[in-house]
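Q: I'd like to ask you about the structure that follows.
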Amino acid sequence: MQPDWSLSDIPYDRIDVDAVRPREVLFYLVTSASFVEIASDLYTRNLAEFYAGDAEVCDWLTSVWEREEVQHGHALRAYINTVWPDFDWQRAFDAFIVEYTPLCDLGHFEPTRGLEMAARCVIEMGTAGLYRSLATVAKEPVLAGLCERIKTDEVGHFKYFLRFFQEYNRSEKQNRWKVLKALTHRLFETRGDDAECALWHAFHERDPNGRRDSAEFRQIFSSATRAIRREFPSMMAIKMLTRPLALPPVVAKSIEWPLAMLAQRVILR
Ligand SMILES: [Fe+2]
Ligand SMILES: [Fe+2]
C-alpha cells in the first residue's frame, strides 16, 4: 500500500530559507525528529519478532507503518538539507544510530502482545502531539504543512494500534489497571531518551568539541523541550490516551488533568 503522500508533494522550493536558517531550535527539533523517524526500521524488526505469527499485524507493520515512518524521516531530512545544506546529516545520523540501536531492544516491550499494542498507542499519541505542536512552532508554511501531514499519519497509526489492542484484549482480558500500568509505564520509561540522544548527535556534528553535559547543549535541549511543551495539544493527547482504557465518560473526565500532565512527559523530557 502506498502512503497518502510523497516527498514530491512538499514544496521545498517555496521555503524562505533566509528567514528559517537562523532558527537554531527549529534546526534541532527537525533534525532530531528526522533521526528517530528514519530509525523506525529498528522497531519494525523488533515488533515483527514480538508479533511473529500474526500475519495481519506483521504485514501492516512492514508494508504501511514502517514505510510511513521512514518517509517522515526522509521528508524532514529534505527540509534540513534545503535550509541547512552545510550540515552533514548522514555523518550525524551514523553516530546517532550507534547509540540508539541498543535502546530499541525487546527488553523495553510490555509482557503481553495486547499490552504492547496499548503502549504503542502512547507512542503514536506522543508523535501526533509532537507534530501538531511543531506545526505551530514552525511558523513557516512548508514545514507547518509537512508537520500536519505527518501528524495525520501518526493519528492513523494510533487508530491501527488501538484496534489491534482491542482485538488482542478480547482474549487477554486485561483489566483497566493493567492497561493503565502499561500506558503510564511507556509514558515514563520511554523516549525522552530518544530525543536527547538525537539532539545530542545533531549538536555534536555541529560542534565536535562540545560536551553533552555542557551548559550550551543543556540550554538547547531545554529550549527545544519548552518550545514543544508550550504548544503541545493536551486535550487531543488525553482523548487518545484514554481510548485503550474504554472508561465510562464520568471516570474519563476525572482523570483528564493528571493524564494531561503525564502526556507531556512522552516527548523531550
Ligand atoms: Fe512518524
Ligand atoms: Fe507513527
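Q: Could you grab me the full set of residues in region 43-55 that are free of Cβ contacts under 8 Å to residues at least 12 places away in the same chain, more than 30 Å from ILE80 (Cα to Cα) and in a helix (DSSP H, G or I)?
A: The answer is ALA55, and nothing else.
Q: Of the residues that sit in region 75-91 and are part of a helix (DSSP H, G or I) and either over 19 Å from ALA138 (Cα atoms) or within 11 Å of ligand 1 (Cβ to nearest atom) (or both), which one is nearest to the chain's Cα centre (by Cα)?
A: Restricting to residues being part of a helix (DSSP H, G or I) and either over 19 Å from ALA138 (Cα atoms) or within 11 Å of ligand 1 (Cβ to nearest atom) (or both), the top hit is LEU76.
Q: Out of the residues in region 105-151 that are within 15 Å of ligand 2 (Cβ to nearest atom) and of a type in the set (Lys, Arg), which is surrounded by the fewest Cβ atoms within 10 Å (Cβ to Cβ)?
A: The extreme case among them is ARG149.
Q: Working only within region 173-205, note down all residues that are crowded, with 16+ Cβ neighbours inside 10 Å and not in a helix (DSSP H, G or I).
A: Within region 173-205, GLN174, THR190, ARG191 qualify.
Q: Same structure, new question: Would you mention how many residues in region 1-42 are assigned to a helix (DSSP H, G or I) and farther than 30 Å from THR101 by Cβ?
A: So the answer is 8.
Residues checked against (1) of a type in the set (Phe, Trp, Tyr); (2) part of a helix (DSSP H, G or I):
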residue: PHE93; (1), (2): yes, yes
residue: GLU99; (1), (2): no, yes
residue: PRO111; (1), (2): no, no
residue: MET117; (1), (2): no, yes
residue: SER133; (1), (2): no, yes
residue: LEU143; (1), (2): no, yes
residue: LYS151; (1), (2): no, yes
residue: PHE164; (1), (2): yes, yes
residue: SER171; (1), (2): no, yes
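Q: Within region 200-255, which residues are under 27 Å from VAL179 (Cα atoms) and among the aromatic types (Phe, Trp, Tyr)?
A: Correct list: PHE232 only.
Q: Moving on. What's the number of the condition SER171 fails, among (1) over 19 Å from the mean Cα position of the chain (by Cα); (2) closer than 20 Å to MET240 by Cα; (3) hydroxyl-bearing (Ser, Thr, Tyr)?
A: (2)
Bear in mind these aren't lab numbers, they're just calculated from the coordinates by the rules spelled out. Values in this document were obtained by computation on a predicted structure and should not be read as measured data. Neighbour counts run over all protein chains shown; Cβ positions are idealised from the backbone, glycine included.
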